[in-house]
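Coordinate-derived values only; no laboratory data. Just so we're clear, the structure is a prediction, and the values are computed from it rather than from any experiment. Here Cβ is always computed from backbone atoms with ideal geometry, including for glycine, and neighbour counts include all displayed protein chains.
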Ligand code: 13P
């Protein structure tokens with residue numbers, strides 16, 4: 001394992017003031033996003049949409065890496081080059097989702113286990129040849145009556161760690177994503193307890209499997225109230241408890257934490273990140289790897305129409321810039337109104 005190379009890639013991905021654009025929606029998930037704008041999810045529409053995202057002028061000012069889906073890493077831009085080359089020309093690192101999705105956990109049917117270890121090595125070899133430098137695997141943890149179970153937390157942690165170890169042996173940086181979903185009526189303290197337990201078990205397993213912690217990025221949920229909880233915690237509490245949870249449970253060798261947005265509004269996802277970056281002496285960089293919270297304004301401006309491409313790109317650029325400011329603790333809500 002080339003530790004030095006892994007550490008360099010991981011650090012570069014979280015170099016201030018940049019973060020990651022997650023554009024690795026599976027065919028099913030992008031289909032749901034297209035349904036919202038009444039657009040058919042066919043291969044050409046998906047390609048056109050990704051093309052407009054990646055072609056956004058100056059995106060590289062705020063975005064260090066983009067996570068792609070298997071279909072997308074093999075596609076071409078309208079600019080006579082592949083998406084991979086388009087991104088590389090902008091010095092944006094290419095990432096790839098390598099898990100095969102969260103499936104029902106047999107024996108605990110309300111829970112999920114992420115699959116994809118079978119054949120992973122050969123898929124990584126192929127992605128390496130195609131130019132990927134980093135990868136992502138997402139595990140899903142659900143809060144509900146008597147769940148998450150220990151089995152769900154342990155099995156997902158074992159799979160995440162096995163994935164990370166295999167990916168590192170090929171010289172690619174694994175993003176390790178244990179997502180505690182915000183679905184439910186639980187309060188923020190429940191989310192804190194579950195997220196803390198998940199991170200403890202995960203880091204035990206990562207160490208057991210000799211994963212090099214200086215060569216991963218962690219992609220966690222923030223510690224927030226369930227989306228159906230009646231008393232929603234305020235942004236200051238979210239920032240404080242999330243920072244506490246991470247500093248208590250994540251070893252300081254990990255170079256960076258890149259949050260998922262998980263269904264938070266665009267503005268809240270940015271505000272939370274900003275407040276966290278106001279804390280001093282954090283042991284790791286705190287940045288973003290947002291999907292919805294970066295793309296939502298872009299897709300709803302685009303609506304599948306060529307005439308709206310510039311509008312959609314401006315929307316992506318703006319959210320990228322605001323989240324970039326949040327990595328520095330320099331965002332404020334008044335910037336939402338001004339077109340910058
Ligand atoms: P969201 O920011 O939309 O949660 O997506 C991030 C992601 O990559 C989930 O795996």
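Odds and ends about this structure:
- Segment 163-317 - Debye-derived log10 I(q)/I(0), Cα point model, q = 0.10, 0.12 Å⁻¹: -0.41, -0.58
- Each 5 Å bin from 0 upward holds the following percent of the Cα-Cα pairs of segment 255-294: 6, 25, 32, 22, 11, 4.
- A viscosity of 0.890 mPa s and a temperature of 25 °C, combined with the Kirkwood radius over C-alpha pairs in the Stokes-Einstein formula, give segment 126-185 a diffusion coefficient of 190 µm²/s.
- The chain - Rg (one decimal) and Dmax (whole number), Cα, Å: 18.8, 53
- Length-normalised contact order for segment 214-322 - Cα pairs under 8 Å, 6+ apart - percent: 26
- Hydrodynamic radius (Kirkwood) for segment 51-103, which is based on Cα pairs only, to one decimal in Å: 11.6
- Shape class of segment 1-86 from the Cα gyration tensor (axes a ≥ b ≥ c, square roots of the eigenvalues): prolate, since a/c reaches 1.5 or more and a/b is larger than b/c.
- Distance histogram in 5 Å bins (all Cα pairs of segment 153-193, percent per bin): 5, 19, 21, 16, 15, 11, 8, 4, 1
- Residues 272, 296, sorted so that the one with the fewest Cβ neighbours within 10 Å comes first: 296, 272
- Rg(Cα)/(2.2 N^0.38 Å) for segment 1-155, N = residue count: 1.16
- With a Förster radius of 45 Å applied to the beta-carbon distance between residue 11 and residue 38, the computed FRET efficiency rounds to 0.60.
- Using equal-weight Cα scatterers in the Debye expression, the normalised intensity of segment 204-257 in log10 at q = 0.18, 0.32 Å⁻¹ is -0.69, -1.30.
- Two-decimal log10 I(q)/I(0) for segment 245-340, as the Debye equation yields it once each C-alpha is a single scatterer, q = 0.21 Å⁻¹: -1.02
- Rg and Dmax of segment 131-245, Cα atoms only, in Å: 14.9, 47
- The residues 282, 206, 241, when put in order of fewest to most other Cβ atoms within 10 Å, stand as 282, 241, 206.
- Mean Cα-pair separation over length for the chain, i.e. relative contact order, pairs under 8 Å, 6 or more apart, %: 19
- Top of 12, 318, 32 by mean-square fluctuation, Gaussian network on the chain, Cα under 10 Å: 32
- Computed helical MRE - 222 nm, the chain, DSSP H runs ≥ 4 contributing -39500 (n - 2.57), nearest 500: -14000 deg cm²/dmol
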